[in-house]
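What follows is a set of notes on a single structure, which appears directly below.
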Amino acid sequence: MGERFTSCSVLGCGWLGLPFAQKMRQKGIKVKGSTTTTEKLPGLQRLGIEPALIRLHSHVIEGPIADFVESDVLLLNTPPVKQGEVETHYPLAIERLLKQISQTPILKRILFISSTSVYGDPDGEITEQSPLTPTSSSGKALVKVEQMLQEAFPSITIVRFGGLLGYNRKPGRFLAGKTNLKGGNKPVNLIHQDDCVNILEAIIEQKKWGEAFNAVAREHPVRKDFYHHAAAVQGFVPPQFLPENGISGKRINSEKVRKVLGYQFKYDDPFDMITNV
């Protein structure tokens with residue numbers, strides 16, 4: 001009969017984790033959800049999510065982490081914070097978490113939310129087989145953690161999302177009014193919140209474990225066109241980019257999501273996301 005999941009823990013019930021947790025609740029799954037903010041606990045409770053105040057640090061984990069990770073599926077949705085020694089602190093925090101997880105016999109599967117920043121910024125098409133050559137501190141931290149998690153749990157599935165858009169994340173605001181911007185001819189690699197949640201749901205439903213998936217929309221307009229249009233449509237001052245010749249930068253290929261999961265994106269063109277955010 002295969003695996004049957006009845007419980008899920010969402011470590012990080014924020015912009016992405018919360019709608020995912022809500023979708024799991026709608027399917028009748030028992031959900032635990034963590035936040036780092038005391039004020040958000042009652043809101044989680046009202047949504048039928050068992051709330052937990054948990055904060056990960058390199059030296060300690062605050063909160064009831066032992067009880068929290070006792071679920072069939074654990075969604076690790078705790079991105080590295082872009083401050084301090086993130087390349088050191090973030091892997092240490094996850095290493096501490098792994099020690100706790102290893103003591104939990106109940107947990108069956110782990111989903112880890114990563115980012116396309118693990119590929120750095122090379123030119124050309126990027127697939128899941130492309131080398132991981134991060135340039136940012138957070139990207140380097142994510143690569144360390146991905147490798148750590150895969151060694152500890154070979155059945156873990158990693159999802160590398162591109163830029164996240166949707167609802168309160170309005171792209172027109174990101175670069176509004178800025179001038180003399182570089183990289184106007186670089187392709188954008190974006191994904192809508194609805195597609196993020198649906199892809200995570202598909203992975204669990206289809207039991208696609210031990211995989212790595214890129215997840216972005218199929219279309220890749222260049223930054224100057226996308227952000228200028230987004231600002232204009234959403235009522236912001238459009239940004240101004242410096243003139244550049246040619247198109248350079250990475251184009252994330254997410255065909256594996258389509259082939260392995262049979263998933264059809266709700267928003268495959270970033271321009272469609274502008275009016276649905």
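The values are calculated or read from the model by the stated rules, or taken from the named source; none is laboratory data. The model shown is predicted, which means the values in this text are computed figures rather than measured ones. Counting neighbours? That spans all protein chains shown, and the Cβs are built from the backbone with ideal geometry, glycine included. Only protein heavy atoms, including side chains, enter the accessible area calculation; ligands, DNA and RNA are left aside. Shrake-Rupley method; radii C 1.70, N 1.55, O 1.52, S 1.80 Å.
Using modelled amide H (1.01 Å from N, peptide plane; none on Pro or chain starts), what sits under 5 Å from the amide H of Ile110, excluding residues fewer than 5 places away?
Leu74, Thr157
What are the residues whose amide H is under 5 Å from the amide H of Phe241, where those residues sit 5 or more places off or on another chain and H is modelled from the backbone?
Residues meeting the criterion, in which the H sits 1.01 Å from N, are Leu181.
Under a Cβ-Cβ cut-off of 13 Å, what is the net charge of the residues other than Arg25 that fall near it, where Lys and Arg count +1 and Asp and Glu count -1? Don't jump to the answer; show the numbers that get you there.
Details: positive: Lys23, Lys27, Lys30, Lys32, Arg46; negative: Glu50, Glu201.
Net charge in that neighbourhood comes out at +3.
Between Glu201 and Asp67, what is the FRET efficiency for a Förster distance of 35 Å, r being their Cβ-Cβ separation, to the nearest 0.05? Provide the component values of the computation, followed by the final result.
On the way: r = 25 Å, r/R0 = 0.70.
Step by step, r from the Cβ atoms, then E = 0.90.
Which value in nm describes the separation of the simple spin-label points at Phe174 and Gln26, placed 7 Å from the Cα toward the beta carbon?
Taking the simple label geometry, Phe174 and Gln26 are separated by 2.6 nm.
Please give the contour-minus-distance gain from Glu95 to Glu39: 0.36 nm per residue of separation, less the Cα-Cα distance, rounded to one decimal in nm.
Values: separation 56, 0.36 × 56 = 20.16 nm, distance 2.77 nm.
This chain segment gains 17.4 nm when fully extended.
Let me make sure I get this right: for the stretch 1-65, a, b and c are the square roots of the gyration tensor eigenvalues over alpha carbons, sorted descending. Under 1.5 in a/c it's rounded, otherwise prolate if a/b > b/c, else oblate. Which is it?
oblate
Which residues make up the longest stretch of the chain clear of GluC sites (Glu not before Pro) that lie in a DSSP loop with no more than 12 other Cβ atoms within 10 Å, not counting the sites? Kindly include the intermediate steps, with their values, before the conclusion.
On the way: sites that count: Glu3, Glu85.
Answer - 86-277.
Given H placed on each backbone N at 1.01 Å, which residues far from Gly166 in sequence or on other chains put an amide H within less than 5 Å of it?
Under 5 Å from the amide H of Gly166 lie the amide H atoms of Gln193, each far enough along the sequence or on another chain.
Hey, what number do you get for the chain at 222 nm if only DSSP H runs of n ≥ 4 count, each worth -39500 (n - 2.57), divided across all residues, to the nearest 500?
On the way: 10 runs with 94 residues, N = 277.
Counting only the DSSP helices, I get -9500 deg cm²/dmol.
Please turn the phi angles of the stretch 226-239 into ³J(HN,Hα) values with the Karplus equation 6.51 cos²θ - 1.76 cosθ + 1.60 (θ = phi - 60°), one per residue in order, whole Hz, x for glycine and proline.
3J(HN,Hα) across the stretch 226-239, in whole Hz: 5, 6, 5, 5, 4, 5, 4, 5, 8, x, 10, 6, x, x.
Which value, in debye to the nearest 20, describes the size of the charge dipole of the chain about its Cα centre when Lys and Arg Cβ atoms bear +1, Asp and Glu Cβ atoms bear -1, and nothing else is charged? Intermediate values should be presented prior to the final figure.
Details: 34 positive and 28 negative charges, 77 e Å.
With only Lys, Arg, Asp and Glu charged at Cβ, the dipole is about 380 debye.
HN-Hα J couplings of the stretch 27-35 from phi, Karplus 6.51/-1.76/1.60, θ = phi - 60°, integer Hz, Gly and Pro as x?
Coupling constants for the stretch 27-35: 8, x, 8, 6, 10, 9, x, 9, 9 Hz.
How high is the FRET efficiency from Asp269 to Gln129, r the C-beta distance, R0 30 Å, rounded to 0.05? Let's see the in-between values first.
On the way: r = 26 Å, r/R0 = 0.85.
Once rounded, the FRET efficiency stands at 0.75.
Need one word for the stretch 123-190: rounded, prolate or oblate. Basis is the Cα gyration tensor (sqrt eigenvalues a ≥ b ≥ c); a/c below 1.5 gives rounded, then a/b vs b/c decides.
Values: a/c = 2.41, a/b = 1.86, b/c = 1.29.
Here the stretch 123-190 falls in the prolate category.
Calculate, for the stretch 109-192, the solvent-accessible area per residue in square angstrom, rolling a 1.4 angstrom probe over the heavy atoms of the protein chains. Working shown, then result.
Values: 3480 Å² over 84 residues.
Here the residues of the stretch 109-192 average 41 Å² of exposed surface.
For a paramagnetic label modelled at 7 Å from the Cα of Thr104 toward its Cβ, which residues of the stretch 1-40 fall within the zone defined by backbone nitrogen distances under 15 Å?
Correct set: 6-13, 30-35.
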